[in-house]
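Q: Okay, handing you the structure first.
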Amino acid sequence: MEVLNFVDGEFQKTAQVLENVAPGTGEVFGTIPRSGSKEVEKAMAAAKRAFPVWSNSSAVERAACLDRLADAVREHASVLAKHEAQDNGKPISLAAQVDIPRAEKNLRFYASGIQHFASKSHAMEGEAINYTLRKPLGVVACISPWNLPLYLFTWKVAPALAAGNCVVAKPSELTPVTAYLLSTWVRQAGFPDGVFNILHGLGPEVGEALVNHPDIAAVSFTGGTLTGARIASQVAPKFKKMSLELGGKNPAIIFDDADLEEALRMTLRSSFANQGQICLCGSRILIQRSVYDTFKLSLVAKASKMVAGDPLHPDTKLGAVVSEAHMQKIMSYIELAKDEGGQVLCGGHRLHPEGVEGGFYVAPTIIEGLGPQCRTNQEEIFGPVVTLQPFDTEEEALKLANDTAYGLAATLWTTNLKRAHRVAAGIESGMVWVNTWLLRDLRTPFGGVKDSGLGREGGFEALEFFTESQNICIKL
Ligand code: NAD
């Protein structure tokens, strides 16, 4: 497939293209534009021209465009799922059950949300009345990663557009296809030309040109912590708004009073879903010593049975990781873990499923015997690799949980209600799940603390980010 840029309502090519590789097979299956500052200039100019009309349209009109785009996603859901699986390496069943329905839901959620987003008013006892407008910012940059391609792309562009901004968006160069397909329905959804532009290409080229453009009013970024730090250093001195959703090294804490069967079932998911490439995956599993061996043996037994296969096969539950380079990074962390003294309990090697031997597959890997301070337990691996650490007391569990630079999400398993509240509140993270994982209500704040990011997405928080408040005080 030839992916094209979408600027000012038109599809555009670039002088140079990049190859797009299918992680499931390791083969090139298409090209994507290699955009740079020239393309950014064009997209910014179109978005600026479109802003006065779009920002003055009614919330109802903007919602109707988003709803029609959601209709197109629903109508083409199976095609989108197929392309997401091919482009990313994730199992098609996951794309069909999670990624694509959620992309549709994101668009509908903010179509509805903007119609419930009211301005505030503060009366000053007979003297004056204040009301606070929330105004769109202008042209905003939305930059998204490869792990949940259309899911995270729509999670940003939906609130940005709903709030009346024009958007120049850049999906990951590793997974551009579903965003490109989305762009083919933007006009029929009724968005005026220039309101929603999508550029493809490399982060350090087109991404960097975009965040550094003087007319960008805000940057909404999801990706790695190092990239986030670089973007922050460029955007902050210009006093532009930014929202940064970054990496994690999330703990899953299993207390001995937990429903261990359910904890086991969900920990297997939170460790290896999407090949461990979800920012919310639990990668440090902390287990109370009294149940450590039982839990460990059951988890290893289950993980060892996971079979990788062609992402496009409907029965596949474990697909490929996103790229050869990422696979090498994951493998190098497994080597590092061994060097650091870790024992690999299962996995630790590549897989070559029949028929797709050239793809990038890594066996689910569980490692024990590592201290909390080693690099394996401190750095984000972002693959199907988890470590196990025992603990004795609640205090120790909390200390281990908080002992990284990251603070995105945490999961804890206990049937003790007091403990659940106590430990949840003590965890330094933006989100905590108790006796579940990845149960999402789109109204709730989403984001991390410490090196996991800045700001929150979700619900009205995203609409607040994509608008600026203006207070108007009228003397009575
Ligand atoms: P990445 O930082 O390499 O890239 C993310 C996006 O930024 C891509 O579109 C990329 O092209 C672009 N980019 C790269 N360099 C840039 C630059 N200098 N200027 C502007 N844009 C640039 O991240 P990735 O490898 O695509 O994604 C994996 C990371 O994303 C992991 O660390 C994961 O934890 C994180 N993530 C976080 C969340 C969250 O909500 N907190 C969600 C998903 C993924």
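Q: Students sometimes get this wrong: rank R134, R269 by accessible area, probe 1.4 Å, all chains present, largest first. Each step should come with its number before you reach the end.
A: On the way: R134 80, R269 110 Å².
Result, largest first: R269, R134.
Q: Here's something else I'd like to know. Sort segment 210-357 into rounded, prolate or oblate with this rule: let a ≥ b ≥ c be the square roots of the eigenvalues of the Cα gyration tensor; rounded if a/c is under 1.5, and if a/c is not under 1.5, prolate when a/b is larger than b/c, oblate otherwise.
A: Note, shape of segment 210-357 comes out prolate.
Q: Out of the DSSP beta bridges found with both residues in the chain, what percent are antiparallel (nearest 5)?
A: Given both bridge residues lie in the chain, the antiparallel proportion sits at roughly 45 percent.
Q: Further question on the same structure: Counting pairs of alpha carbon atoms under 8 Å apart in space and at least six apart in sequence, what relative contact order in percent does the chain give?
A: On the way: 1122 pairs, mean separation 91.4, N = 476.
In percent, rounded to a whole number, it is 19.
Q: Is segment 20-154 rounded, prolate or oblate when judged by the Cα gyration tensor, a ≥ b ≥ c being the square roots of its eigenvalues, rounded requiring a/c under 1.5 and prolate requiring a/b larger than b/c? The partial results should precede the final answer.
A: Working: a/c = 2.89, a/b = 1.82, b/c = 1.59.
Prolate, since a/c reaches 1.5 and a/b exceeds b/c.
Q: Could you tell me whether the chain comes out rounded, prolate or oblate from its Cα gyration tensor? Rule is a ≥ b ≥ c as square roots of the eigenvalues, rounded for a/c under 1.5, then prolate if a/b exceeds b/c, otherwise oblate.
A: It comes out oblate by the Cα gyration axes.
Q: Something else about it: Label L417 and I129 with points 7 Å out from Cα along Cα→Cβ: what is the distance between them in nm?
A: Reported label-point gap for L417 and I129 is 4.5 nm.
Q: Dipole size in debye (nearest 20) for the chain around its Cα centre, Lys and Arg Cβ +1, Asp and Glu Cβ -1?
A: 940
Q: Follow-up question, since we're still on this one. Here are some pairs, K249/K329; K249/K418; K48/K240; K42/K135; K48/K135; K156/K240; which of them have Cα atoms lying more than 20 Å apart in this structure?
A: Details: K249/K329 16 Å; K249/K418 25 Å; K48/K240 16 Å; K42/K135 25 Å; K48/K135 15 Å; K156/K240 17 Å.
Beyond 20 Å between Cα atoms: K249/K418; K42/K135.
Q: Order 197-203, 372-378 from most to least packed using the mean count of other Cβ atoms within 10 Å.
A: 197-203, 372-378
Q: Right, next: Relative contact order for segment 1-85: what is it in percent, counting Cα pairs under 8 Å that are at least 6 residues apart? Numbers along the way, then the final one.
A: On the way: 61 pairs, mean separation 18.0, N = 85.
Contact order relative to length: 21 percent.
Q: Something else now. With every protein chain left in place and a probe of 1.4 Å, what is the accessible surface of S144, to the nearest 10 Å²?
A: 10
Q: Kirkwood Rh and Cα-based Rg: tell me the resulting Rg over Rh for segment 402-476, rounded to two decimals.
A: 1.15
Q: Further question: For K241, what residues show an amide H to amide H distance below 5 Å, using hydrogens built from the backbone and excluding near sequence neighbours?
A: Amide H to amide H, under 5 Å and 5 or more residues apart or across chains, K241 pairs with V219.
Q: Given labels modelled 7 Å from the Cα in the Cβ direction, how far is it in nm from D315 to S119?
A: About 6.0 nm separates the two model spin labels.
Q: Using Cα atoms only, what is the angle between the long axis of helix 100-113 and the major principal axis of the chain, expressed in degrees (0 to 90) to the nearest 10?
A: So the inclination is approximately 40 degrees.
Q: Residue by residue through segment 79-92, what is 3J(HN,Hα) from phi via Karplus (6.51 cos²θ - 1.76 cosθ + 1.60, θ = phi - 60°)? Round to whole Hz and write x for glycine and proline.
A: 5, 4, 4, 4, 5, 5, 5, 5, 6, 9, x, 6, x, 4
Q: Using amide H atoms built 1.01 Å from N in the peptide plane, name the residues 5+ places from L412, or on other chains, whose amide H lies under 5 Å from its own.
A: Under 5 Å from the amide H of L412 lie the amide H atoms of I253, W433, V434, N435, T436, each far enough along the sequence or on another chain.
The values are calculated or read from the model by the stated rules, or taken from the named source; none is laboratory data. Treat the numbers as computed from the prediction; the structure is a model and nothing was measured. Positions of Cβ are backbone-derived with ideal geometry, glycine not excepted, and every protein chain shown enters the neighbour counts. Ligands, DNA and RNA are excluded from the accessible area calculation, which covers all protein heavy atoms including side chains. Shrake-Rupley method; radii C 1.70, N 1.55, O 1.52, S 1.80 Å.
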